[in-house]
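Comments concern the structure below.
The values are calculated or read from the model by the stated rules, or taken from the named source; none is laboratory data. Everything quoted here is computed from the prediction, not taken from an experiment. Here the Cβ positions follow ideal geometry from the backbone for every residue, glycine too, while neighbour counts run over all protein chains shown. Only protein heavy atoms, including side chains, enter the accessible area calculation; ligands, DNA and RNA are left aside. Shrake-Rupley method; radii C 1.70, N 1.55, O 1.52, S 1.80 Å.
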Amino acid sequence: MRIEILKPIFTPIIALVMLLGPLLGSSAYAALSRQPYLQSVSDTRVVLRWRTTSSATSRVSYGASVGNLNTHVDESGARTEHEVVITGLTSDTQYYYSVGPISGSIEAGNDSNHFFTTAPSVGSNRKIRIWAIGDPGTGTSNQRNVRNAFYNLDSVKTDVVLTLGDNAYDDGSDSEYTNNFFNVYEDLLRQAPVWATRGNHERSLSAHQTAFTHPTNAESGGFASGSELYYSFDYGNIHFVCLDSFTSSNLNGNSMYTWLENDLASTTQNWIIAFWHHPPYSRSSNHDSNSESGQRVTRERANPILERYGVDLQLGGHNHFYSRTVLINNHYGTSGSYSQANHAVDAGDGRENSDGVYYKATNPEGAVYVLAGSSGKIGYTPIHHPANFTEVLELGSMVIDVEGDRMDVRMLRENGAIQDYFTITKSVSVNQAPQVNAGANQSTDTASAINLNATVSDDGLPSNTLTYSWSKVSGPGTVSFGNAGQVDTTASFSAAGGYVLRLVASDGALSSNDSLSVTVSATNQAPQVNAGSDRSVEIGDSIDLDATVGDDGLPSNTMIYNWSKISGPGDVIFSDASQVDTSALIFTAGSYVLQLEVSDSVLTTNDQVKITVDEEGGGGSSGSAGSIDLSLLVGFLMLILLRAAPGLAPGGKR
């Protein structure tokens, strides 16, 4: 919010006036005991309030700029409780003002700190900043810390201040209102109008009614209520409704609810915000909406009327923590009767960057009910209400920005952090995140690719362009996508196991995603065979055949090997043709092709090696037998016989 403060040094002046007042006689103006504050602002009207220590006749001067306060309104007589109504103003216009005696020195104002701004014309779509505080009036550092967090939030000017009851502890007496409310917020209330509801700690009705000037005859819009305890007003395109949940005759009688029906039937405003003290959907160790009168009765009697006319937001206090519902409708019973299926219009978080905003463009049903009772202290143990999205025991206040068809609501902590936030929109052109369906779960094997046939829908905003991205979320192996940037594509898997695949779709501003599961089983693959490198040998040399074989172990982890001659002029003698690693003898010179065939009992593959056999010493011609080393031949034959002997396990490698 924006507060412009250039504090004049009033203290010495006030002290001097109070000291010399009796000596100066009636010409001396009384000191201010409550600084100026704004009430009942409309688009053409404002009420200025302040208090002096002794009776005085006062003047309000106002104008378009500091030093140019060329219009004034005078009081008709002397008093201590000053209330000046200024009419005939221009809508949505800032005026500077001062207060003081009709003749004499200004006591406050004619500076950049003292101004009021009339409300925008009814129905205006300009941005409205609202600050709501619940149970604030403790007069403690907690209250001041919550206040300071709002003062330091940003530079947006505050238009409306709502105080949700228990405004001045412990009893709402006149002095407690001065010390624990007006003195605490004086820098803001001289610039922004405050609208109050009565809480159970405003035990002094007279002090509460003395402190505030609220419309009784629709002076600020709405329908005349005849009461300052329940009333309505318009500000821009928002209709505000204040109810009295404490005064028994109002809570349990009929007049307030009859007025509420008439008021809501007469408004054409885009937004409706209601506020009263007792929260209808909040349970704690001290205040339980299932049973406590103010909470229960307003839920049973006020909520049906409000929801029938499309209320959007309700604010309350009483319990000293923060909670809020999802977008709900038509739940007027105890917490045990709530069901998401029957009462949640939107059970999401209402966040644009998460579940999506609460969307009321085509369906006016649904409101969010906020408990904001921690602006002065925290306490009581929350008991979960199933309608609530969150319940936290933290200090804070509510910052509400309404602009056109959009309402942004934030819970601002005393330390400046945002505890919670959500958005309600009524715009038919608001950008919504794409809706993604990744498709049904699938099963496949490592040898087969799957077809990914997703569906994506979108509202075409902001630019009617979507981008897509498939990725592996989990799984034991590598996933190869045909085109990861397409909605419809293929995927293959390097290893068996369970996989999760995700499709993300983005419209350039918002994104969403969906996932599917794929179960991949292993598939039998043919063995991989390498018969070794080609080589040259001499007749009679022992040829070592060192092949390598790889396999997936399917179907039974059993391999069958067979070496054979494919071509060549002479015979080839293998020491053991059924082994991967074996040896061979060739006694006829020439070119030979040897083949290793490998089978896993289902699938078979092979590889070949070329052996060139030269005459001993390089002489002789191909196709003729050379001299044979008989001792070598005998030894080779003995090796074959030994390998063929019973009980001797075959060797080899895979």
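List of remarks:
- The length gained on full extension between S141 and N70, counted as 0.36 nm times the residue separation minus their Cα-Cα distance, comes to 21.5 nm.
- Computed over protein heavy atoms with a 1.4 angstrom probe, the accessible surface ordering of E219, E403, largest first, is E403, E219.
- Chain lengthening between N286 and E81 when straightened (0.36 nm per residue, less Cα-Cα): 70.1 nm
- Options L596, T489, W195, ranked by Cα towards positive dipole end of the chain, top entry (Cβ charges): W195
- Rounded tilt (10° steps) of 10-24 against the dominant C-alpha axis of the chain: 10 degrees
- Ligands, DNA and RNA are left out, and with a 1.4 angstrom probe the accessible area of the chain is 40 Å² per residue.
- Computed from the C-beta positions of S339 and H384 and an R0 of 22 Å, the FRET efficiency is 0.90 to the nearest 0.05.
- Local electrostatic count, G221, Cβ distance below 13 Å [Lys/Arg +1, Asp/Glu -1]: -3
- Extending 7 Å from the Cα toward the beta-carbon at both A522 and S429 defines two label points whose distance is 6.1 nm.
- The distance from the alpha carbon centre of the stretch 95-112 to that of the stretch 578-599 is 115 Å, rounded to a whole number.
- Stokes-Einstein diffusion coefficient of the stretch 98-249, Kirkwood radius over Cα pairs, 10 °C, 1.306 mPa s, in µm²/s: 95 µm²/s
- Lysine pairs meeting the criterion (Cα under 15 Å, 8 or more apart or interchain), as found in the chain: 4
- Using 0.36 nm per residue and subtracting the Cα-Cα separation, the extra length available between S511 and S175 on full extension is 115.5 nm.
- Projected onto their three principal axes, the Cα atoms of the chain cover extents of 150, 51, 43 Å, largest first.
- Among 70-76, 545-551, sorting by the average number of other beta carbon atoms lying within 10 angstrom of each residue, highest first, gives 545-551, 70-76.
- Inter-site label distance for S103 and Q486 at 7 Å from Cα along Cβ, in nm: 9.3 nm
- Selection from T53, N437, A274, by position along the positive dipole direction of the chain (Cβ): T53
- 14 Å cut-off, amide nitrogen to a point 7 angstrom out along T558 Cα→Cβ, residues in the stretch 578-615: 599-603
- Put the Cα centre of the stretch 262-281 next to the Cα centre of the stretch 521-552 and the gap is 86 Å.
- Cβ-Cβ distance of T465 and N441, R₀ of 22 Å, FRET efficiency by 1/(1 + (r/R0)^6): the value works out to about 0.15.
- Label sites at D571 and S536, each approximated as a point 7 angstrom past Cα along Cα to Cβ, lie 2.7 nm apart.
- Net charge dipole, the chain: roughly 2380 debye, given to the nearest 20, about the Cα centre with Cβ charges of +1 for Lys and Arg and -1 for Asp and Glu.
- Overall size of the stretch 513-618 from C-alpha positions, given as principal axis extents largest first: 74, 29, 18 Å.
- On Cα atoms only, tilt of 630-643 relative to the major axis of the chain in degrees: 50 degrees
- Surface share of carbon and sulfur [accessible, 1.4 angstrom probe, percent] for the chain: 48 percent
- Taking packing as the residue-averaged number of other Cβ atoms within 10 angstrom, the listed peptides 492-499, 587-594 run from highest to lowest as 587-594, 492-499.
- On Cα atoms only, tilt of 255-266 relative to the major axis of the chain in degrees: 70 degrees
- Rounded to the nearest 20 debye, dipole of the stretch 22-112 from Cβ charges on Lys, Arg, Asp, Glu: 180 debye
- FRET efficiency for the pair T612 and S578, taken as 1/(1 + (r/R0)^6) with r the Cβ-Cβ distance and R0 = 30 Å, rounds to 0.75.
- Peptide packing for 370-382, 345-357 was compared via the average number of neighbouring C-beta atoms within 10 Å per residue; ordered from the highest value, the list is 370-382, 345-357.
- Over the residues of the chain, the helix contribution to mean residue ellipticity at 222 nm works out to -3500 deg cm²/dmol, using -39500 (n - 2.57) for each DSSP H run of at least 4.
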